[in-house]
Amino acid sequence: MITDTLVIIPARGGSKGIPGKNIRPLAGKPLILYTVDLARQLFPDTHIILSTDSEQIALTARTAGLPVNYMRPPELATDNAPTRDALLH
């Protein structure tokens with residue numbers, strides 16, 4: 001495993017195209033868990049941060065065992081908020 005990298009998974013809850021897309025099942029598994037599982041193949045959980053404003057997305061990740069230690073503030077989860085700002089948060 002690579003251990004000198006920080007993985008940030010940005011997953012906001014406010015999708016307009018497909019509401020709730022990150023927690024909707026795809027082939028029986030919530031979409032966000034595909035990203036979490038891939039990150040876990042390469043990095044330990046201590047190097048993975050899920051950045052979200054959604055309690056439902058956070059709960060989905062926590063249920064899979066990934067710690068979600070803080071929530072992204074609403075102003076960094078709008079349609080116009082730059083991803084860069086969310087990553088820096």
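Nothing in this text is a laboratory measurement; each read-out follows from the coordinates by a stated rule. Everything numeric here is computed off the predicted structure, so don't read it as measured data. Ideal geometry is used to build each Cβ from the backbone, glycine not excepted, and the neighbour counts take in all protein chains shown.
Name every residue in the stretch 62-80 that is surrounded by 18 or more Cβ atoms within 10 Å (Cβ to Cβ) and either among the small types (Gly, Ala, Ser) or part of a helix (DSSP H, G or I) (or both), in order of residue number.
Hits for the stretch 62-80 are Leu76, Ala77.
State which residue is farthest from Leu87 (Cα to Cα) when the search covers only the stretch 39-61 and only residues that are surrounded by 13 or more Cβ atoms within 10 Å (Cβ to Cβ) and among the charged types (D, E, K, R).
Among them, the one singled out is Arg40.
Mind counting the residues in the stretch 19-61 that are in a strand (DSSP E or B) and under 21 Å from Thr78 (Cα atoms)?
The qualifying residues number 3.
Scan the stretch 26-38 residue by residue and report those that are more than 11 Å from the chain's Cα centre (by Cα) and surrounded by 18 or more Cβ atoms within 10 Å (Cβ to Cβ).
Pro30
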